[in-house]
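Some notes on the structure that comes next.
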Amino acid sequence: MATYEDYFSGDIITNDNSRSAKDMSFAMFLARKGLTPGAIAVVLREADYNKGKVLKEKYLQRTIGKAVEKSGEHSIAAPSIVSLSGEGASPSFSTTLSPRLYSYSELKDVEFPEPELIQTGIKALDGYLNGGLALKEVSLFIAAQETGKSTIASFIGAQAVRQGYNTLHLFYEDELSSVKNRYDSHLQGQGWTAEAYLLDATEYPATLRDIESQIQSLKPGMVIIDYFARIPPMKGSKEGRFEIKDTLMYICNLARKYNTHILIADHITIEDEGKNPSYRMEFHRVSEAKMYKLMVTAVVVGMMKDRVDMNKLWITGLKQKRKASRMFTSIAVDWNTGKFI
C-alpha cells in the first residue's frame with residue numbers, strides 16, 4: 001500500500017499536517033484519479049498513518065464528500081462499467097434533489113401525458129402493466145434465490161435496447177461473463193441503435209451516488225439493479241426499515257428526475273402450502289421493512305418456479321399504480337436461452 005508521502009510532499013493541499021487533513025488531501029487526490037467514494041474509503045482505512053485507528057462511517061462520508069467537492073472535479077468514476085460495444089462512459093457527479101411545491105391553480109389546466117412505456121416482451125406481464133414498464137417509475141421484482149430474477153431482468157433489459165432505449169444493468173454478485181452471455185441470447189448480431197451497459201459492482205459496491213452519476217451520464221431508458229439488498233446503506237449504518245424506505249425514495253426520485261425506468265431485483269422468502277402445483281404465492285412472512293418497498297414502488301411483481309414443470313414460472317402482480325388490478329398467471333421460460341413467453 002502506498003503511503004501518504006508517496007503522493008504528497010508536506011501539506012500542499014490543506015496547509016495542515018494533521019491526520020484529518022491528510023485524509024482530506026488523500027481523498028481529494030484519489031477522487032481526481034477517478035476512484036469511487038467506496039474505494040477511497042478503503043484506501044483511507046489502510047493508509048499507513050491510519051494503522052490501528054477506527055475510521056467511523058460518518059466521518060469517512062463527510063470527509064470524502066467534501067474532498068470530491070473541493071477537488072474541482074465534477075466527475076467521478078463509478079465501479080467498472082462495460083459497454084457491449086466496447087465503449088466506456090465517463091459519469092458526472094450529481095446534485096442533491098430537493099422537494100418542489102405546486103399549487104392547484106397552476107396545475108388545474110395541465111394535461112399530463114400518458115406515460116412512455118417500455119414493453120417487457122412478456123405478453124402476460126405487458127397486459128398487466130397496460131403495455132409495459134413506464135419511464136419515471138420503479139418496479140420491484142421479488143422472489144426466492146435461484147428463481148430467475150437476474151434472467152428475467154436481463155431479458156427485459158435487452159427488450160429495452162431493441163426498442164431504442166439504452167440499458168444500464170448494475171450487478172453486485174454475478175460474473176461479468178454470465179451477464180454478458182444473457183444479453184448475447186437476445187442482442188448478438190443485431191444492429192441495435194441503443195446500447196446495453198454493464199456496471200460491475202462486485203469488487204467495489206456501487207453507492208446510490210455512483211448509480212446516479214452513471215444514469216446522468218448514460219441517460220438510459222432502463223436501469224436494472226441486481227439486487228437491492230447489496231446497495232450500501234445511505235447513512236453508513238446497519239440497514240433498517242427506515243433506511244430501506246429512504247433508499248427506495250432516493251431511487252424513485254432518480255427515475256423521475258432522469259426520465260428512466262428503474263427495475264430492482266431483490267430476494268424474499270416465498271412460502272406455499274405445497275398442496276397443488278398451481279399454488280398461489282403466500283407472502284405471509286414479509287418483514288415490515290419489505291412492506292415499505294411495496295408502499296413506495298410503482299410496480300411489484302412476485303415470482304416463483306412451478307414445483308412440477310421447471311420451465312414454468314408463476315408470477316403475481318401485487319401492486320400497479322397505474323391500474324387497480326391484480327395478476328396471477330404462469331409464463332413459459334427457456335432457461336437455456338433466458339427467453340420468456
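Here's the yes/no breakdown for (1) modelled with pLDDT of 75 or more; (2) surrounded by 13 or more Cβ atoms within 10 Å (Cβ to Cβ):
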site	(1), (2)
Ala2	no, no
Arg19	yes, yes
Asp23	yes, yes
Glu46	yes, no
Lys53	yes, no
Leu60	yes, yes
Ala67	yes, yes
Glu73	no, yes
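Please return the ranges of strands (runs of 3 or more DSSP E) entirely within the range 111-212 where 1 or more residues are modelled with pLDDT under 90 and assigned by TED's automatic domain parsing to the domain that holds Val333. Quick ask: steps written out before the conclusion?
On the way: elements: 138-143, 167-171, 196-200.
The strands (runs of 3 or more DSSP E) meeting that bar are 138-143.
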Open item on the list: Under 7 Å between Cβ atoms, which residue pairs at least 6 apart in sequence (or on different chains) link something in the range 243-260 that is closer than 17 Å to Pro220 by Cα with a partner that is in a helix (DSSP H, G or I) and at pLDDT below 90?
Closed with: Cys252/Val296
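The values are calculated or read from the model by the stated rules, or taken from the named source; none is laboratory data. These numbers were taken from a predicted model, which means no experiment stands behind them. Please note: Cβ atoms are built from the backbone with ideal geometry, for glycine as well, and neighbour counts cover all protein chains shown.
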